[in-house]
């Protein structure tokens, strides 16, 4: 990719937004907006967003409006709507927009999940597959390298390209593949892809 995938964090609580950004910046660039106006300006740029974290209550309106704008531009980017209260109509609309609804404060588990989904999004995977990847990472305790091998397989990135981009040896790659196959309890990397994408869906072996 020519430019780094980026998160958009929309929250008028500067301390909270900064804390979230500091957790994300180890792996992604971040843009922080404190209002709908600033968020709209950020969404008008050519930045390739791979994730959104949006506060429901903003000084100049409703975070759902930002989410709707974000969805128009980035239909497959994972998104989290933050709120201090539980409102069923808002939850339903959030889910209808393909986003997650999280009560404040944003915990490490929720943050880790959206990070996993964002990595999958950055490689062009759709929302459903992103969520399956995040589920697999949590359920099978996949390492970062094993996750990346899995995403690369699903995204049809050639092995040679993957190895070259990460500057690892072919033996290291093969070792990660073997461990991934063992953890997912399947026969091959192709079976792992099928398991995660639902193509000829496989039931994990017990």
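The values are calculated or read from the model by the stated rules, or taken from the named source; none is laboratory data. Everything numeric in this text was worked out from a predicted model, so none of it was measured. Positions of Cβ are backbone-derived with ideal geometry, glycine not excepted, and every protein chain shown enters the neighbour counts.
A few remarks follow.
- The sole residue among 161, 177, 186, 137 that is farther than 23 Å from residue 26 by Cβ, free of Cβ contacts under 8 Å to residues at least 24 places away in the same chain, in a helix (DSSP H, G or I) and touching a helix residue (DSSP H, G or I) at 6+ places or on another chain (Cβ under 9 Å) is 161.
- Unmet criterion (only one of (1) crowded, with 21+ Cβ neighbours inside 10 Å; (2) more than 30 Å from residue 20 (Cβ to Cβ)) for residue 186: (1)
- Residues that are part of a loop (DSSP other than H, G, I, E, B) and either closer than 20 Å to residue 6 by Cβ or modelled with pLDDT of 90 or more (or both), drawn from segment 80-127: 97, 98, 99, 106, 123, 124, 125, 126
- Members of segment 1-11 found to be over 14 Å from the mean Cα position of the chain (by Cα) and either surrounded by 13 or more Cβ atoms within 10 Å (Cβ to Cβ) or modelled with pLDDT of 90 or more (or both), listed by number: 10, 11
- Test: residue in segment 164-179 that is modelled with pLDDT under 95, over 23 Å from the mean Cα position of the chain (by Cα) and under 27 Å from residue 78 (Cα atoms): no
- Qualifying residue in segment 65-81 (condition: within 15 Å of the chain's Cα centre (by Cα) and touching a residue at least 60 places away in the same chain (Cβ under 8 Å)): yes
- Within segment 19-47, the set of residues being in contact with a helix residue (DSSP H, G or I) (Cβ under 7 Å, 6 or more places away or on another chain) and farther than 10 Å from residue 9 by Cβ comprises 23, 27, 28, 36, 40, 43.
- Among residues of segment 12-38, those that are under 24 Å from residue 86 (Cβ atoms), under 19 Å from the mean Cα position of the chain (by Cα) and surrounded by 18 or more Cβ atoms within 10 Å (Cβ to Cβ), counted: 2
- Criterion: under 23 Å from residue 120 (Cα atoms), assigned to a loop (DSSP other than H, G, I, E, B), modelled with pLDDT of 90 or more and in contact with a strand residue (DSSP E or B) (Cβ under 6 Å, 6 or more places away or on another chain) - qualifying residue of 21, 77, 42, 70: 77
- Residues being more than 18 Å from the chain's Cα centre (by Cα) and not in a loop (DSSP other than H, G, I, E, B) - total across segment 45-62: 4
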